[in-house]
Amino acid sequence: VGPDGRVYFAPVKTLGVLRIDSEACTDEVLGAGSLASGSYLAGVLASNGKLYFAPLDANQVLVVDPQACTTEALGLRVQSHISYSARGVLAPNGKIYYAPCHAPRVLCVDPESDTAAMLGPEVQGAQKYTAGGVLAQNGKIYFAPCHARRVLCIDPETDAVQMLGPEIAGAEKYAAAGVLAQNGKIFYAPCHARRVLCIDPETDMVEALGPAMEAAGNYKADGVLAPNGRIYFAPWDAGHVLCVDPEAGVALLPGPKLRGSQKYWAGGVLGPNGRIYFAPYDARQVLSVDPEACTAEMLGPTLQSTRSCKAAGVVAPCGKIYFPMYDTRQVLCVDP
C-alpha cells in the first residue's frame, strides 16, 4: 500500500505496475510503455514514500513513485535468472535488504541516495533463499534457507552478513516468509523440511520444533500472526492449516483436512475482523481461519481458474483485501 492509500502490484507477466484505488473501485497500469520486460517480487515501502521491488528475472530494481505516478529502474544490473525472490526487509537505518536466490550476494537498496548495491560475501548455489526475511527486535534481519544450508543474518548497522546455526540438509526447506512472535522469536513453516524452524535472535540459536511432517512441500504461503499470539500458515501440499504456539513452543494442526495439492501460495492477510484470509492457488476457494475458534473454512464462490493467486494480499484503507490474479489481469477482492 502506498502513502496515497492505493494498492500497487509489480509485474510478473505484464509490462506495467498495477494500481488499485479501493475507494473509487478502479484500477490502472503504470509504466506500461517504459518498463523493460522482466518480473519483480518483494515490494517494500520506504520512508521517502516510494515503493521498491527487487528484480526476479528483471535486470534492475523497480522504483514506483505513487505521488508522481512514475516508475523507473534503479542501480546495478543483475545478470542472474531469478535473482531475488525472498521478500525484502526495511531496516531501522532506512535501507532495504534482500537475500539472494540465484544472485551471488545480498542486495541493499538505499532510498536516501537512490542506489542499489550488493554486499557481504558471495553465497554459493542456486535458490539459496526464497522465504521472506524478518526484522528482529535486536535490529538484525534473518532469512531461513531454501537450498542454502544455514540461516542468513544481516546486521544493518555494520552491513555485515553472516551464517547462523547448524547446517540443515535437504532442498527447498523453507519457502514461506517467517513471522516474528510476541516473545521475540522468529518462526518459519517447513516446505520440504520436516519441522518448524525457530530462530532466537537474543541468543542466535536456531532449532527445529514440533512434530515431524512429511517432507513433501508442506507450506509455501506466508504466515500471519493472530491477535491471540499464535501464527497460522495455509497448506500447500499439506492436509491441514499449521498453527504455531510460540509460548508453548509447539506446532498444531487445527481444522478439517484440506484435500488436493498446491492449494495456497499467496501470503495470508489479517482482516479487520480478526480472521485470516488466504487466496487460492490451485484450491478453488478462499481459506478463512478464525484464530479465536481455532477453525478453518472455505469462503466465497468456487473459482474456475487454477494457479489463481501467488502474490501476498494487501489490506486497503477501506478494510477490503486485494490479491492479484496470477494468469489474468483480474484482482480477487475479499470483503471481511
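The values are calculated or read from the model by the stated rules, or taken from the named source; none is laboratory data. As the structure is a computational prediction, the values presented were derived from the model and not from experiment. Cβ atoms come from the backbone with ideal geometry, glycine included; neighbour counts cover every protein chain shown.
Key figures for this structure:
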| quantity | calculated |
| --- | --- |
| Number of the condition not met by Gly319 [criteria: (1) at positive phi; (2) touching a Phe, Trp or Tyr at 6+ places or on another chain (Cβ under 7 Å)] | (2) |
| Yes/no for Phe233 being within 18 Å of the chain's Cα centre (by Cα), within 18 Å of Phe187 (Cα to Cα) and of a type in the set (Phe, Trp, Tyr) | yes |
| Any pair with Cβ under 9 angstrom, 6 or more apart, that starts in the range 263-292 at a residue that is in contact (Cβ under 8 Å) with a residue 40 or more places away in the chain and ends at one that is part of a strand (DSSP E or B) and charged (D, E, K, R) | Gly274/Asp290; Arg275/Asp290; Ile276/Asp290; Leu287/Glu297; Val289/Glu297 |
| Residue in the range 176-186 that is among the polar types (S, T, N, Q), closer than 30 Å to Met298 by Cα and either assigned to a loop (DSSP other than H, G, I, E, B) or under 20 Å from the mean Cα position of the chain (by Cα) (or both) present | yes |
| Residues satisfying the stated conditions in the range 198-220, i.e. farther than 13 Å from Tyr188 by Cβ, of a type in the set (Gly, Ala, Ser) and under 22 Å from the mean Cα position of the chain (by Cα) | Ala215, Ala216, Gly217 |
| Flag for Gly274 being within 23 Å of Tyr322 (Cα to Cα) and part of a loop (DSSP other than H, G, I, E, B) | yes |
| Subset of the range 2-15 that is surrounded by 18 or more Cβ atoms within 10 Å (Cβ to Cβ) and in a loop (DSSP other than H, G, I, E, B) - its residue that is modelled with the lowest pLDDT | Pro11 |
| Enumeration of residues in the range 244-269 that are farther than 28 Å from Val331 by Cα and crowded, with 24+ Cβ neighbours inside 10 Å | Val244 |
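One line per residue, one yes/no per condition, for (1) in contact with a Lys or Arg (Cβ under 8 Å, 6 or more places away or on another chain); (2) at pLDDT 95 or above; (3) surrounded by 16 or more Cβ atoms within 10 Å (Cβ to Cβ):
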position	(1), (2), (3)
Ala148	yes, yes, yes
Cys153	yes, yes, yes
Glu167	yes, no, no
Ala171	no, no, no
Val179	no, yes, yes
Asn218	no, no, yes
Gly223	no, no, yes
Ala226	no, yes, yes
Ala234	yes, no, yes
